[in-house]
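Chemist: Submitted below is the structure of interest, expressed as structure tokens.
The values are calculated or read from the model by the stated rules, or taken from the named source; none is laboratory data. Since the model is a prediction, treat every value here as computed from it, not as a measurement. Backbone-built Cβ (ideal geometry, glycine too); neighbour counts: all protein chains shown. Accessible surface areas use protein heavy atoms only, side chains included; no ligands, DNA or RNA. Shrake-Rupley method; radii C 1.70, N 1.55, O 1.52, S 1.80 Å.
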Amino acid sequence: ADLVVSCYADVPAMTGLNWTDNCMGAGIAQGVEVSSGTTCPEVLTRTWTVTDTCGNTVTETQTITIHDQQAPVLDPAPADLNVQCYGDVPAMAQLNWTDNCDGAGVLNGSEVSDGMSCPETITRTWTYTDGCGNTSTEVQVIVVHDITPPTASPLPNVTIGILPPPDITLLDDAADNCGNPNVVWVDDVSDGGFCPE
């Protein structure tokens, strides 16, 4: 019978057909196969022909259509994440894929940043396309947004005779959840007084 299959592996081997003739007896006819030359679908036409000595002919034909319309299957992407620090962004995972015709394998993803900061959105995408263009995609979104302020101990009040230059080393225990904070002197503010000021 004519067939429609998804994969080349599903195409059965060609068999010979038994024939009988009132004069020649009986035998087995071997067929010939011609492809349409296209893909997705490709049509194979198998033809068996027997001609007797007087030119009487009989022909049998089978068509096999190969057309994969089934999408591959990917493992689910890791769950979306919200993290504060780049050090908390996990390494990109590899996803396993399976396909009814292509078999199985391991897929690397691609990563794109939105180019922003605080927050920055990182989108990771895994896509597998089989030989007939059927596609499966998995996506993970990671948002990096540090909302925790740095910390430091309060500086003590001091009474001095001459105002020294700023000394950022006085703030010796500054800390931050995402690394070492940048300590800078900003400015002085005076109360406008004099002796004392």
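Chemist: How many residues are under 19 Å from His67 (Cα atoms) and among the β-branched types (Val, Ile, Thr) when one looks only at the stretch 1-36?
Modeler: Count: 4.
Chemist: Please verify whether Ala13 is closer than 30 Å to Thr148 by Cα, open to solvent by 70 Å² or more (accessible area, probe 1.4 Å) and of a type in the set (Gly, Ala, Ser), treating the condition exactly as stated. Step through it out loud before you land on a result.
Modeler: Numbers: closer than 30 Å to Thr148 by Cα: no; open to solvent by 70 Å² or more (accessible area, probe 1.4 Å): yes; of a type in the set (Gly, Ala, Ser): yes.
For Ala13, the condition - closer than 30 Å to Thr148 by Cα, open to solvent by 70 Å² or more (accessible area, probe 1.4 Å) and of a type in the set (Gly, Ala, Ser) - is not met.
Chemist: Do we find a residue being in a strand (DSSP E or B) and of a type in the set (A, V, I, L, M, F, W, C) anywhere in the stretch 6-14? Step through it out loud before you land on a result.
Modeler: Filtering the stretch 6-14 for residues in a strand (DSSP E or B) gives none.
The answer is no, given that none of the residues of the stretch 6-14 is in a strand (DSSP E or B) and of a type in the set (A, V, I, L, M, F, W, C).
Chemist: Follow-up question, since we're still on this one. Restricted to the stretch 60-93, and to residues that are in contact with a Cys (Cβ under 9 Å, 6 or more places away or on another chain) and open to solvent by 90 Å² or more (accessible area, probe 1.4 Å), which residue is nearest to Glu33 (Cα to Cα)?
Modeler: My answer is Gln69.
Chemist: Continuing with this model, one more query. Please work out which one of (1) over 30 Å from Asp173 (Cα atoms); (2) open to solvent by 60 Å² or more (accessible area, probe 1.4 Å); (3) touching a helix residue (DSSP H, G or I) at 6+ places or on another chain (Cβ under 8 Å) is the condition Cys101 fails and give its number.
Modeler: Evaluating Cys101 over (1) over 30 Å from Asp173 (Cα atoms); (2) open to solvent by 60 Å² or more (accessible area, probe 1.4 Å); (3) touching a helix residue (DSSP H, G or I) at 6+ places or on another chain (Cβ under 8 Å) leaves (2) as the failure.
Chemist: For the stretch 168-197, what are the residues that are open to solvent by less than 60 Å² (accessible area, probe 1.4 Å) and either in contact (Cβ under 8 Å) with a residue 12 or more places away in the chain or closer than 19 Å to Pro156 by Cβ (or both)? First the steps, then the outcome.
Modeler: Here is the first cut: in the stretch 168-197, the ones open to solvent by less than 60 Å² (accessible area, probe 1.4 Å) are 171, 174-176, 178-179, 181, 183, 193.
Leu171, Ala174, Ala175, Asp176, Cys178, Gly179, Pro181, Val183 - these are the residues of the stretch 168-197 that are open to solvent by less than 60 Å² (accessible area, probe 1.4 Å) and either in contact (Cβ under 8 Å) with a residue 12 or more places away in the chain or closer than 19 Å to Pro156 by Cβ (or both).
Chemist: Mind checking which pairs have a first residue in the stretch 79-105 that is of a type in the set (D, E, K, R) and a second that is surrounded by fewer than 16 Cβ atoms within 10 Å (Cβ to Cβ), Cβ under 6 Å, 6 or more apart or different chains?
Modeler: Between residues of the stretch 79-105 that are of a type in the set (D, E, K, R) and residues that are surrounded by fewer than 16 Cβ atoms within 10 Å (Cβ to Cβ), the close pairs are Asp80/Val141.
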